1. Cα to Cα, under 12 Å, and not fewer than 8 places away if on the same chain: which aspartates and glutamates meet these conditions relative to K7?
2. Mind listing the phi-derived Karplus ³J(HN,Hα) values for the stretch 36-49, rounded to whole Hz, using 6.51, -1.76 and 1.60 with θ = phi - 60°, and x for any glycine or proline?
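What follows draws every value from the coordinates through simple rules; no lab data is involved. Because the structure is predicted, anything quoted here is derived from the model rather than measured.
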Amino acid sequence: MSENKLKARRIELGFSLRDVEAITEGAISNAYLSRIENGKTKAPSIAVVAQLSAAYAVPADTLIEWLTGEIATPRTVTCPTCGQAILAHLQHQDPQ
């Protein structure tokens, strides 16, 4: 991810790594988020992308672009579990 946009967004929001862990109710540990931000974990799961999308108020496709450097579209990014386009997957996983 160029210029570490994920970390920049976290800092812009005033969140520490531990804050994100608390916001995600432990779903994303501070150590795991640090590895993602430092490029040591290159392919977080769709669940992690969804959690970060909600916590950072950033669309999931934007986060995927930040993490991979590629533009995410429903045609090219699919859920490995259900095979649906990522945006459709996030919609059917939303409990609201």
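1. The reachable aspartates and glutamates, counting only those whose Cα sits under 12 Å from K7, are E37.
2. Coupling constants for the stretch 36-49: 5, 4, 8, x, 8, 10, 9, 10, x, 5, 4, 5, 5, 4 Hz.
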